Amino acid sequence: MQATMMDVPLSLNHLLDRAGTIFKGNEVVSRLPDKSLVRHTYGQIHRRTRALGAALQALGLKKGDRVATLCWNHHVHLECYFGIPAAGGVMHTMNLRLAPGEIGAIAADAQDRFLVIDDILLPLYRQFAHLHRFERVIVFGYSGAPVGEGFDDYEALIGRADADGFVYAEHEENDAVSMCYTSGTTGRAKGVVYSHRSTVLHTLVGCLGDHWGFKGTDVLLPVAPMFHANSWGTPYAAVMLGMKIVFPGPHLHADDLLDLMQVEPPTLALGVPTIWLSMIQTYERALTEQPGRWKLPQGLRSLVGGAAVPESLIRAFDRHGVWLLQGWGMTETSPLATVSYPRAELTGAGPDERYRRAAMAGVPAPLVQLRLRAEGAQADAPWDGRTVGEIQVRGPFITGSYHGVTPAPDKFTPDGWLRTGDVAVMDDLAFVRITDRSKDVIKSGGEWISSVDLENALMAHPAVAEAAVIAIPDEKWSERPLACVVYKPGLAPTAAELAAHLLGHGFAKWQLPDRYEVLDAIPRTSTGKFWKLKLRERFPA
Ligand code: ADP
């Protein structure tokens, strides 16, 4: 029997049209380099985005051509999210925090035809321009300065284009719309390519109440960069629901974000744990040193993921009326694949249980199949909260290959599941708890020690601001844990005090770090996570 439904392909264009018609008066606010704010309505964004589509086609963009972006979070980047695919192109968001050589290599790998770039990033462009030739470099005059010779001016280009006459490029729902390279924390960067279908489905799942629970009444502050895993898909959700967006631009220090929150209070924010770690330290210091300077928006929900979220951080924000909602995912998974939300069985649970669950990666999202496989095992690991296995996933917004790479045999299982390289346990309520990345696990005397568990316990010590634990080689035990710690200003606990604290958190003696190295700061990756590779280089033994 044949279904009788219309065969309308899932499309980002529909999301854009919805914002531009149903929500045309709602606002998108962008912070400029001089920290002033510029405002557009969705009606204006809709028109400008269609003009971008028309302009790109007039420049000769063909279906499937890559258009790279090198931009901070702002309205023009949002226009690229929709305007490039609307014209039939594929938006390739490039990570502006990578080394110039890496950016050039990635642009060459993606074979980008055009580039859209913020004028304040042109000095970076000049450092990699010799590695890849873009046919057109379209400059957004973000700083307000005139766009120089030899470049296309974004505003002039869309000003001349025929927004009214623009017709969306024909497409099928599986056609590519965007691509993002894995940040290469544990290997060579590889391109993941998303489709209309994968993006729309991921957006719909993000809006479910039992997932992120986005609503049109939310005010979104996307701190996670739009060049990293699509800012977790939130720009698409915001446009679909007509949500007000407040883009922070290049000003991502804790005090800048707190300043912005005073004038444009968000209800929803997102970023990696290190952002929230520095924000809570800055905020709590100001409570005594500059009382009244800032107030955290009450009822703010913040999505946190990309690295383990310490329970102590969740508790600290909750004391100030902000709830951190943890999710797990990766560039390959669009990225949201699990969320730690309070499922029905937890109704009435006490605060300790609530915090304990919130510090887990959470429950697999609808449409995501997730299993744990122990090394070499043919069957799934049981959901007993103890048995450790690698997370493997499958689903309509999970990548099945990498751009231009014959799938490395170890990234996909023979039956087609993505091997994430993350090690976890699951319990009977299907809560995933990440214990490590396979490369970060500490193998001591045949037993595994979770670096994540040690870090979280260390960061629960009142004197510890940040902690990262790595393995160092050991003749007798093969590997032993070394803890790198950053203390809060004016505090300096001894190694014995830290060890006693860890014993109090249920660690056995043999699991305790052999050494503590006190640092000024833990090095960060290009996406703001603790960079253990750098620590391993610094402390090879
Ligand atoms: P990279 O692998 O370079 O960091 P991604 O930004 O795609 O690139 O990061 C995905 C990885 O981030 C996951 O494989 C996992 O190791 C880590 N991660 C994401 N969310 C969480 C989380 N909630 N808890 C622990 N680790 C997480």
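Structure summary
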| quantity | calculated |
| --- | --- |
| Among (1) open to solvent by 50 Å² or more (accessible area, probe 1.4 Å); (2) closer than 17 Å to ARG50 by Cα; (3) in contact with a helix residue (DSSP H, G or I) (Cβ under 9 Å, 6 or more places away or on another chain), the one test that GLU170 misses | (3) |
| Near pairs, Cβ below 7 angstrom, 6+ apart or cross-chain, from the stretch 93-113 (surrounded by fewer than 18 Cβ atoms within 10 Å (Cβ to Cβ)) to any residue that is of a type in the set (Gly, Ala, Ser) | ARG97/SER526 |
| Qualifying position, being away from the ligand (no atom under 16 Å from the Cβ) and crowded, with 20+ Cβ neighbours inside 10 Å, among LEU370, LEU300 | LEU300 |
| Residue tally, condition surrounded by fewer than 12 Cβ atoms within 10 Å (Cβ to Cβ) and either over 22 Å from TRP448 (Cα atoms) or touching a residue at least 40 places away in the same chain (Cβ under 8 Å) (or both), over the stretch 522-541 | 2 |
| Strands (runs of 3 or more DSSP E) enclosed by the stretch 421-481 - at least 2 residues per element that are more than 14 Å from the ligand (Cβ to nearest atom) | 442-444, 447-449, 464-474 |
| For GLY213: the one exception among (1) within 26 Å of LEU32 (Cα to Cα); (2) part of a loop (DSSP other than H, G, I, E, B) | (1) |
| Restricting the stretch 14-39 to residues that are part of a strand (DSSP E or B) and free of Cβ contacts under 8 Å to residues at least 60 places away in the same chain, the residue that is surrounded by the most Cβ atoms within 10 Å (Cβ to Cβ) | VAL38 |
| Pair list, Cβ under 7 Å, 6 or more apart: the stretch 199-227 residue among the acidic types (Asp, Glu), other residue open to solvent by less than 10 Å² (accessible area, probe 1.4 Å) and assigned to a strand (DSSP E or B) | ASP218/LEU268 |
| Test: residue in the stretch 142-156 that is open to solvent by 50 Å² or more (accessible area, probe 1.4 Å) and within 26 Å of VAL193 (Cα to Cα) | no |
| When residues of the stretch 175-203 are limited to those that are more than 16 Å from the ligand (Cβ to nearest atom) and farther than 16 Å from GLY329 by Cβ, the one most open to solvent (accessible area, probe 1.4 Å) | ARG197 |
| Unique match (being within 21 Å of the chain's Cα centre (by Cα) and among the small types (Gly, Ala, Ser)) among GLY421, GLY445, GLY416 | GLY421 |
| Test for PRO235: is it open to solvent by 40 Å² or more (accessible area, probe 1.4 Å) and more than 15 Å from the ligand (Cβ to nearest atom) | no |
| Residue count for the stretch 304-326, restricted to those that are within 7 Å of the ligand (Cβ to nearest atom) and under 10 Å from the mean Cα position of the chain (by Cα) | 3 |
| Filter result (part of a loop (DSSP other than H, G, I, E, B) and of a type in the set (S, T, N, Q)) within the stretch 157-210 | ASN174, THR182, SER183, THR185, THR186 |
| The lone exception for ARG433 - which of (1) modelled with pLDDT of 90 or more; (2) farther than 19 Å from GLY306 by Cβ it fails | (2) |
| Residue within the stretch 265-273 that is part of a helix (DSSP H, G or I), surrounded by 20 or more Cβ atoms within 10 Å (Cβ to Cβ) and in the same structural domain as GLY421 (by TED's automatic domain parsing) present | yes |
| Selection from the stretch 476-521 of residues that are open to solvent by 70 Å² or more (accessible area, probe 1.4 Å), of a type in the set (A, V, I, L, M, F, W, C), touching a Leu at 6+ places or on another chain (Cβ under 9 Å) and in contact (Cβ under 8 Å) with a residue 24 or more places away in the chain | none |
| Qualifying residue in the stretch 331-350 (condition: in the same structural domain as GLY400 (by TED's automatic domain parsing), within 16 Å of the ligand (Cβ to nearest atom), among the β-branched types (Val, Ile, Thr) and assigned to a helix (DSSP H, G or I)) | yes |
| Any chance THR399 is in the same structural domain as MET279 (by TED's automatic domain parsing), touching a residue at least 60 places away in the same chain (Cβ under 8 Å) and open to solvent by less than 40 Å² (accessible area, probe 1.4 Å) | yes |
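The values are calculated or read from the model by the stated rules, or taken from the named source; none is laboratory data. Everything numeric in this text was worked out from a predicted model, so none of it was measured. When we count neighbours, we look across all protein chains shown, and the Cβ atoms used for this are built from the backbone with ideal geometry, even at glycine. Accessible surface is based on the protein model in full, side chains and every heavy atom, while ligands, DNA and RNA are left aside. Shrake-Rupley method; radii C 1.70, N 1.55, O 1.52, S 1.80 Å.
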